[in-house]
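Below is one structure, written out as structure tokens; the observations come after it.
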Amino acid sequence: MKHGETIFLDNGQGMTMEVMPRGATITDLQVPDRQGHSASVVLGYQSIGDYAVGKGFLGATVGRIPGRLTRGRFTLDGREFQLECNNGPNHLHGGSNALDKREWQVLSRSPDGVTMAYRSPDGEEGYPGTVDLELRYRLVAGNEGGMEVHDLVIEMTATTDAPTPLSTTNHAYFNLSGGSDPTVDDHLLSIDLDRYVPVVDEAMTLSDNVVPVAGTEADLRQLQPLGEAISRVYRQHGDNYVIRVTGEENTGLRRIARAVHPPSGRVMDVLTDCTNVQFFGGHYLLPEPLGRTGRPIPPRAGFCLECQGYPNGPNHPEIDDIILRPGEVYSRTTIYRFSVQP
């Protein structure tokens, strides 16, 4: 496959997707509204070449550690590591030249799925160990409670030859209006989790304290207008929510969030077996490069629900031990499930 080409997937029931090997990036995802008309529900740039210069991680596969690793430092088996601090005082999204910037190899493809791989060598972006990652995207049409659903299934597996932190995510920005609304303010959102980790400063450094959301601006357990929620949270950013901590049972896939766009009827449920999810309201989206429509991307044009591990897990394994060791298999699945309200 030539650089810059995309892979087209189709579930045969109105859901399609385009993926490019650079960053294993989702560049387009179209799902039907209540009238059966499909439109794109993710943000994208105007051209494939723009993804090389865009700084918003639109649709990209992110890691080895998504989110902010405090001061870019951790100690692993007695050895100290200092990673690049590319976001103020912290290390963000695996570094400046991480998984989102790398060319992934296409291993196999079908009309409704593609499997891609990337070998991250020892020392890449300062991380120890050579990691072999395999990512599978699938589009699945199904039925839930008599309602037609369309699933985007994201499955990641990985192995390593030396201990290393690993926690991957996809950084798609969703706007369920299909392009009719410039922002997501009129969407409704619920995050069905009762714990989160607050931040301690304007650099969004995590406090490493798992606390209840009850009584805080981070309490999104009831469906509410997204614009109001974004305006309330600290710095209009969004928080890291905890699904489970180290030692708690992994019960497999569970629904952790729902977003609704009432005018189109589109509903998106998020199911995952990850330990954390980062909500980002998109308030700090950059207008350049231009969006898919040829116009600047405005603040709050899309929101993210990034299913991942705890970003500062290497320093706080009691919250989330994200160290992958030789002989172990990293395995994570996230499903973005789309349906419509009658």
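Every number here is computed from the coordinates shown, using simple stated rules; none is lab data. A quick note: this is a predicted structure, and the numbers were derived from the prediction, not measured. Note that we place each Cβ from the backbone using ideal geometry, even for glycine, and neighbour counts take in every protein chain shown.
Please check: in the Gaussian network model of the chain (C-alpha springs, under 10 Å), which one of 75, 164, 16 has the largest mean-square fluctuation. In the Gaussian network model the winner is 75.
Averaged over residues, the count of other Cβ atoms within 10 Å places the peptides 18-29, 179-190, 260-271 in the sequence 18-29, 260-271, 179-190, highest first. Applying a 4.7 Å Cβ-Cβ cutoff to the chain, the cysteines left without a disulfide-compatible partner are 85, 304. Between the entries (1) 1.00; (2) 0.96; (3) 0.94, the label attached to Rg/Rh (Cα atoms, Kirkwood Rh) calculated for this structure is (3). Full extension of the chain between residue 34 and residue 222 yields a length gain of 65.4 nm, computed as 0.36 nm times the residue separation minus the alpha carbon distance. Using Cβ point charges alone (K and R +1, D and E -1), the dipole size of the range 7-340 about the Cα centre works out to roughly 440 debye.
Annotation for the range 135-153 versus the range 285-325: alpha-carbon center distance of 23 Å.
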